[in-house]
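A short write-up of the structure that comes next.
The values are calculated or read from the model by the stated rules, or taken from the named source; none is laboratory data. Since the structure is predicted, the reported quantities are computational estimates derived from the model, not experimental observations. Quick reminder, even Gly has a Cβ in these numbers, built from the backbone with ideal geometry, and neighbours come from all protein chains shown.
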There are 2 protein chains.
Amino acid sequence: MRSSKRTGSSKLVKKWNKEEILQQVILHGQISRADISKETQLSRPCVSALVDEMIQEGLLHEVGMGDSRGGRKPILLEYNYQAYAIAGAVFEGSTLDMAIADLKGQFLARYQKRLSQPANGELVIEDLAQGLGMLLQASGLPGDRLLGIGVGLPGVTQRGSGTVSFSPSTGWMGSPIQKTIEERLGLPVIIDNDVNMMTLGEYVRGVGVGYSTVVYMYVGTGIGSGIILDGQFYRGSREAAGEIGFMMIGPADTRKDGASGVFETHYSAPGIAYKAKGFLSDLKEGSSVIEALIQCADEGCEEAVRLLDEVYRSWACGIANIVSILNPELLILSGEMVHIDEKGVKRIRDWLNEWVPVAPRLEKASLGEQAGLIGAVHSVLEAFPSTRLLDR
Amino acid sequence: MRSSKRTGSSKLVKKWNKEEILQQVILHGQISRADISKETQLSRPCVSALVDEMIQEGLLHEVGMGDSRGGRKPILLEYNYQAYAIAGAVFEGSTLDMAIADLKGQFLARYQKRLSQPANGELVIEDLAQGLGMLLQASGLPGDRLLGIGVGLPGVTQRGSGTVSFSPSTGWMGSPIQKTIEERLGLPVIIDNDVNMMTLGEYVRGVGVGYSTVVYMYVGTGIGSGIILDGQFYRGSREAAGEIGFMMIGPADTRKDGASGVFETHYSAPGIAYKAKGFLSDLKEGSSVIEALIQCADEGCEEAVRLLDEVYRSWACGIANIVSILNPELLILSGEMVHIDEKGVKRIRDWLNEWVPVAPRLEKASLGEQAGLIGAVHSVLEAFPSTRLLDR
DNA sequence: AACTTTGTTAGTAAGGTTAACTAACTCTCT
DNA sequence: AGAGAGTTAGTTAACCTTACTAACAAAGTT
């Protein structure tokens, strides 16, 4: 917050006071001028003046009278969530999932498309543009009301430069993708790692609500995580924080193809599938390894029980390391981990309590496939906080 | 920065502008009113007025003329580092180490005392008070110039409540020690973990200068770390961040005494000494295990070579885990690790490069025993930033 | 002597504050 | 039921603080 210019005149103060009023309105949903005055310590005349301006600007609405508290009824104010709209997009496997939302993050329209092939970069951008057109049409919104679009990509994104440093599936390696999309769509673009987007989604709308320090652990093709510390996304000095697939869990002396880390080589979905190859032959394309493994174990397969135990224990080791270093309030289990049954979660929890002094809460991700999209939308809200709408 | 009140009037603006001017003076060492005006975008009359006030308040000094740049010579201003003083204290083993310093962090006087016994809490506070008296006398400072004292303690400190939740050597477990000291000394007190103090010391005056995301890894009786992310100390949701002794490195099925973690059980100084007991009999009290081990290995002892390799590898694993999660710019090796020779550091570095994609810089701690004390002093400077001096 | 740079003085504009006032509503007592 | 007292919400007007612009004085250089 409160960044940019560090010195300045009274104009700055006015802007900050407006921001604070906006925050209060958003926080309370509906609130009167008088109550804003009490909350913010600003005098009532000042609040009135600023509120009136913000009504002019279309950011606030009067929405009727509240109940009397012994005197004149208050005029309730509400944030105008329809003042602007934002878009989100997520590439997940070979589908493109998009949505348009109001400032509350509520979806107004949604759009999905199967991408024909492993996606040439140029083409994908056309898909994005087309989807955005559809969404605008479906929602009936004028295009100039759109603040920006958040795009979740597989791979390591460099937020500073707007490039992707590792992204095999899209073929965007190293290209200044953010700028490219921005130019094609004529919109501000926020790009980020898909796991980060999911993290943000769960944080603002899922099991992470109410916490301020959470780690989101994702087991899929690889193993990654998103880290939010004291309410702030932590990305690392070179945007490589949370790359927990590189932790030293499991034997290190295996194939070092460079791209994947020791932990994920052994205990990501493909890693587990490889270990289970002997007795788990009938694994379909889109289905979960862990689900299959659990079923197999429940049916009494000795090898499955053993492997499952090893996997749980390794995941628990990963969690223990994270907890030792970061001491989060909450750790969200996601990807393959959502299929763990109650027994398995208890198992992991018990290990943690044995190994570390202060174990965090453990919760499975709750938003399913929507997490990324919700996060993408909110990434734009984060980049255009209500405060920045005052500049427009 | 800029915390507390989120709204306010012109008075706030004035305060912020004063803060910014102070920052500029500190940053440049010596600077004229005109240059401050250019740097801060504040008008010259405004800068003049604020500077004059701050001279009245004793925070700034005029220190003579600068060189002409084609016109009237500028009057150079300097921060008055002597305006206030701060104290620091560190309990290290059975010695109490104290210092008094100016606002630059420069020591004005120092005091050391051997504590007779494992230190009863009450007594130790008396030692502290006595030391402070000595320091004030030695430096000739009036006591009201003292802003506060930073105290580094072994154990896990709870900064919020000002208590120590785990500290076997001092016997302060759970007591509201911060308040107790504050009342005895009549001074604001900052308490923190000794490793955190050392971290801060290296960050502001040691090898950490110039970096913003650093991890300080300490191997001693236990294994711990201090974490600074984007210039901010990170402490975790329950002040337990950086407790890396609990990482899952080494066999987990050893004695679980609860207090110490798996990693530190095996690879802290005592852990290593235990493993080396067979061939490293002549270990003196105050000397380093690693130093002895290295010497032994250099002399050709097979077992020492093997153990040393195991230790280095395990430490490297720990570093790899930290790096995977946090992606710091710099990792500082401290405690036993400062004794690692060039060969050993290279060894660790090579492993890291093999295991993780982006290894940080690796540096040994540079301040030696002073680190904690310097950090303690700076912890007070952090709590009383120049900005807060304006309130007095 | 002409030009520059530094620092100050004087008047003005912007923003927030207090004090007082109007508007609108509740409650109680007759 | 109705009037007046008390309360809360919102507005108006005068004032205060702070920074800004413009003009000027001071002290250099070329």
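Screening B:Val215 with (1) of a type in the set (Val, Ile, Thr); (2) more than 30 Å from B:Gly105 (Cβ to Cβ); (3) outside any loop (DSSP other than H, G, I, E, B) gives one miss only, at (2).
Assess whether B:Val358 counts as being under 25 Å from the mean Cα position of the chain (by Cα) and β-branched (Val, Ile, Thr). Full working, then the answer.
Details: under 25 Å from the mean Cα position of the chain (by Cα): no; β-branched (Val, Ile, Thr): yes.
No, not satisfied.
Right, B:Leu123: in contact with a Phe, Trp or Tyr (Cβ under 8 Å, 6 or more places away or on another chain) and at negative phi or not? When the stated conditions are applied, B:Leu123 does not pass them.
Considering each residue of segment A:23-48, count those that are free of Cβ contacts under 8 Å to residues at least 24 places away in the same chain, farther than 17 Å from A:Gly71 by Cβ and either near DNA strand D (Cβ under 7 Å from one of its atoms) or in contact with a Phe, Trp or Tyr (Cβ under 9 Å, 6 or more places away or on another chain) (or both), and give that number.
First pass over segment A:23-48, keeping only residues free of Cβ contacts under 8 Å to residues at least 24 places away in the same chain: A:24, A:27-28, A:37-41, A:43-45, A:48.
Now restrict to residues that are farther than 17 Å from A:Gly71 by Cβ: A:24, A:27-28, A:39-41, A:43, A:45.
From what is left, the residues that are either near DNA strand D (Cβ under 7 Å from one of its atoms) or in contact with a Phe, Trp or Tyr (Cβ under 9 Å, 6 or more places away or on another chain) (or both) are A:45.
Qualifying residue count for the region: 1.
Within segment A:32-50, the set of residues being more than 11 Å from DNA strand C (Cβ to nearest atom) and away from chain B (no Cβ under 13 Å) comprises A:Ser32, A:Arg33, A:Asp35.
Please tell me if B:Val25 is within 14 Å of another protein chain (Cβ to nearest Cβ), within 12 Å of DNA strand C (Cβ to nearest atom) and of a type in the set (Val, Ile, Thr). Give the derivation first.
Details: within 14 Å of another protein chain (Cβ to nearest Cβ): yes; within 12 Å of DNA strand C (Cβ to nearest atom): no; of a type in the set (Val, Ile, Thr): yes.
Criteria not met by B:Val25.
For A:Val377, the requirement of being surrounded by fewer than 18 Cβ atoms within 10 Å (Cβ to Cβ) and among the β-branched types (Val, Ile, Thr) is not met. The set of residues in segment A:380-392 that are under 18 Å from the mean Cα position of the chain (by Cα), in a helix (DSSP H, G or I) and buried (at least 18 other Cβ atoms within 10 Å of the Cβ) comprises A:Val380, A:Leu381.
Output the qualifying pairs, or none if there are none: Cβ atoms under 7 angstrom, residues six or more apart or on different chains, first residue in segment B:344-360 and over 16 Å from B:Ile332 (Cα atoms) and within 10 Å of chain A (Cβ to nearest Cβ), second residue part of a helix (DSSP H, G or I) and among the aliphatic types (A, V, I, L, M). Short answer, once both residue conditions are applied: B:Trp351/B:Ala316; B:Trp355/A:Val262; B:Trp355/B:Ala320; B:Val356/B:Ala320; B:Val356/B:Val323. For segment B:56-90, a residue qualifies if it is in contact (Cβ under 8 Å) with a residue 12 or more places away in the chain and hydrophobic (A, V, I, L, M, F, W, C), and the qualifying residues are B:Leu59, B:Leu60, B:Val63, B:Ile75, B:Leu76, B:Leu77, B:Ala83, B:Ala85, B:Ile86, B:Ala87, B:Ala89, B:Val90. When A:Glu363 is tested against (1) assigned to a helix (DSSP H, G or I); (2) modelled with pLDDT of 95 or more; (3) more than 14 Å from every other protein chain (Cβ to nearest Cβ), exactly one condition is not met: (1).
Out of the residues in segment A:194-240 meeting the condition of being β-branched (Val, Ile, Thr), under 13 Å from the mean Cα position of the chain (by Cα) and surrounded by 20 or more Cβ atoms within 10 Å (Cβ to Cβ), tell me which one is farthest from the other protein chains (Cβ to nearest Cβ). The residue in question is A:Val207.
Any residue at all in segment A:75-84 that's away from every other protein chain (no Cβ under 14 Å), in a loop (DSSP other than H, G, I, E, B), within 16 Å of DNA strand D (Cβ to nearest atom) and at pLDDT 95 or above?
No; the residues of segment A:75-84 include none that is away from every other protein chain (no Cβ under 14 Å), in a loop (DSSP other than H, G, I, E, B), within 16 Å of DNA strand D (Cβ to nearest atom) and at pLDDT 95 or above.
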